[in-house]
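Taking it in order: structure first as structure tokens, then the write-up.
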Amino acid sequence: MKQQLTQLQIDELFRFCRRHYVHYYDVQLELVDHLANAIEEKMSANKNIFFETALEEVYKSFGYKGFAGVVEAKEAALFRKNKHLRWNLFFKYFTLPKVAFTLFLIACFMFIGSVVHQNKLSNVSAIIASVFIVFEIFIAIKSYWIFKKVSKKLLLISSRYQQNFFSFLALQFLAQFLRFSDKNPLSIPEYYFFSFIVGLMIVATLSYYDLCKKLFDIAHEQYPQAFAS
């Protein structure tokens, strides 16, 4: 009969993973499951082997990189998966019925530009940029509160921090465009281009928020132990 590890030994496996720099709870679960099965097989085959000895032998089988290789592979796989998920959520805004919202948003910006005097387009652009920045901050705060109940660090939801890079690029674009418009009066085509890009950035931010909610639901379903009661 296969020997089963005690709960104390399972807890020690979690501590062992943390001591070896595996900080993500979802990765710890996979490693603990693998370690427990391998240790149980060793202890069943050799009744005289101690738990600690079996653990060291199993750990050595991971090679000189230890758990680092497993973590890197898991990170790469989740990055690809979440990137694909985010693009799917983004492109949903270009399918019915959300495409109507996208087009309406861009059309509103363009309409504003068509009814104001051309020498006021730079001021209008500055106002739209300011509203977008406030919107970005609002979504960032809402996204933060979504994961407030997560009590353990999960690799699954860590990809949401990629938004920081997108936000940086968006703010850089706005800063450069506003600097250009401050020195050069905007033409209607230039303002329309600005409106189109800002519309896409708003859609990208909304799709990011959708991604956060989706990741939260997946994490809550797969790792309920990682959530504060």
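Only the coordinates and a few stated rules stand behind these numbers; no lab work does. This structure is a prediction, so every number in the text was calculated from the model and none was measured. Don't worry about glycine lacking a Cβ; one is built from the backbone with ideal geometry, like all the others, and counts go over all protein chains shown.
Structure data summary
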item: Residue pairs, from the table Lys98/Lys142; Lys83/Lys214; Lys42/Lys74; Lys74/Lys142; Lys83/Lys213, whose Cα atoms sit over 18 Å apart; result: Lys98/Lys142; Lys42/Lys74; Lys74/Lys142
item: Lys/Arg +1, Asp/Glu -1 at C-beta; the chain dipole; positive extreme among Phe14, Gln225, Ala129; result: Ala129
item: Karplus (6.51, -1.76, 1.60) ³J(HN,Hα), θ = phi - 60°, over segment 203-219, in Hz, Gly and Pro reported as x; result: 4, 4, 5, 5, 5, 4, 5, 4, 4, 4, 5, 5, 5, 4, 5, 5, 5
item: Phi-based couplings in Hz for segment 30-35 (Karplus 6.51, -1.76, 1.60; Gly and Pro marked x); result: 5, 5, 4, 4, 5, 4
item: For semi-axes √(5λ) of the Cα gyration tensor in Å, calculated from these coordinates, the label among (i) 53, 16, 13; (ii) 38, 21, 16; (iii) 24, 21, 18; result: (i)
item: Calculated [θ] (222 nm, deg cm²/dmol) that DSSP helices of n ≥ 4 give over the chain, each run adding -39,500 (n - 2.57); result: -25500 deg cm²/dmol
item: Burial ranking of peptide ranges 204-217, 171-184, 123-136 (average Cβ count within 10 Å, highest at the top); result: 204-217, 123-136, 171-184
item: Cut-off under 5 Å, modelled amide H: who pairs with Phe227 long-range; result: Ser151
item: Order of Met43, Met110 - criterion: other Cβ atoms within 10 Å of each residue's Cβ, fewest first; result: Met110, Met43
item: Folded to 0 to 90 degrees: helix 68-91 orientation relative to the chain principal axis, Cα; result: 30
item: Whole-Å semi-axes of the ellipsoid equivalent to segment 7-66 (Cα gyration tensor, √5λ, descending); result: 19, 13, 9
item: Farthest positive-ward along the chain dipole, Cα basis, beta-carbon charges - from Ser151, Gln4, Ala140; result: Ala140
